[in-house]
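Chemist: Here's a structure for you.
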Amino acid sequence: PDPDPIVDELPVHVQLTWDTEQTDLDIHVAHSAAGVDSRQPDLDGDGLPDPWLHGIYDCNWRNKNPDWGAAGLLNDPAEDIDDTAGFGPENINLETPEADVEYRVGVRYYEDAATEGPTTATVRIYVGGELLAEFSQVLSNKKDMWEVATISGAGVVTEVLPGGEPKITPGYSPGEAFP
């Protein structure tokens, strides 16, 4: 069946800010194809491949404008800012989400140039120019990976709370991006 034409009109904007100077957090938006790639590690221990740092299907500071879909750039995400010195924002934009894709949003505490310590990350998710969700979480240590939310191609935002708690993987360090 043809996808709902309204879905094609819903641009997605994901923004990350944080509250400490000289701290580098990184925003990630991963395509659902990353989470089924058996070459990906399972560092969060949930029995499934992690989508983070996938060489194709994770938009982040290393992969600012990946090619995710049919020819053209409308269904490809783009990171427009990578703030490495504190506060943010970092933004990832997706002009035309694919109707049958679930996008995963994550934040990784990359580095702290001063003293390692906690920082509060805030993620805002806009769909069609409207703020649909805002989430905040204290990240305590470098390499912590917080899986924040999912965004359906239809623009539905769902917070990730396994067992009612935020999903934070400490020491998330998969090495090089895959594939």
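The values are calculated or read from the model by the stated rules, or taken from the named source; none is laboratory data. Since we're looking at a predicted model, the values are computed, not measured. Because the Cβ atoms are built from the backbone with ideal geometry, glycine has one as well, and the counts that use them run over all protein chains shown. Keep in mind that these areas ignore ligands, DNA and RNA; they rest on the heavy atoms of the full protein, side chains included. Shrake-Rupley method; radii C 1.70, N 1.55, O 1.52, S 1.80 Å.
Chemist: Compute the distance in nm between two label points, each set 7 Å from the Cα along the Cα-to-Cβ direction, one at Asp82 and one at Lys143.
Modeler: The two pseudo-label positions are separated by 2.0 nm.
Chemist: Charges on Cβ only, +1 for Lys and Arg, -1 for Asp and Glu, centred on the Cα centroid of the chain; of Gly128, Gly163, Val105, which one is farthest towards the dipole's positive end?
Modeler: Gly163
Chemist: List the lysines whose alpha-carbon lies under 22 Å from that of Lys64, not counting same-chain residues fewer than 8 positions away?
Modeler: Candidates past the 8-residue exclusion: Lys142, Lys143.
Chemist: Once Rh is set to the Kirkwood radius over Cα pairs, what Stokes-Einstein translational diffusion coefficient, in µm²/s, holds for the stretch 125-179 at a temperature of 37 °C and a viscosity of 0.692 mPa s?
Modeler: Result for D is 250 µm²/s.
Chemist: Here is a follow-up. How much accessible surface does Tyr126 have with a 1.4 Å probe, in Å² rounded to 10?
Modeler: 60
Chemist: How far apart, in nm, are two points set 7 Å out from the Cα along the Cα-to-Cβ line at Asp100 and at Arg62?
Modeler: That separation, rounded to one decimal, is 2.9 nm.
Chemist: Among Phe87, Phe135, what's the order by accessible area (1.4 angstrom probe), most exposed first?
Modeler: Order by accessible area, largest first: Phe87, Phe135.
Chemist: Counting only protein chains, not ligands or nucleic acids, how are Arg108, Arg124, Arg39 ordered by accessible area (probe 1.4 Å), most first?
Modeler: Result of the area sort, largest leading: Arg39, Arg124, Arg108.
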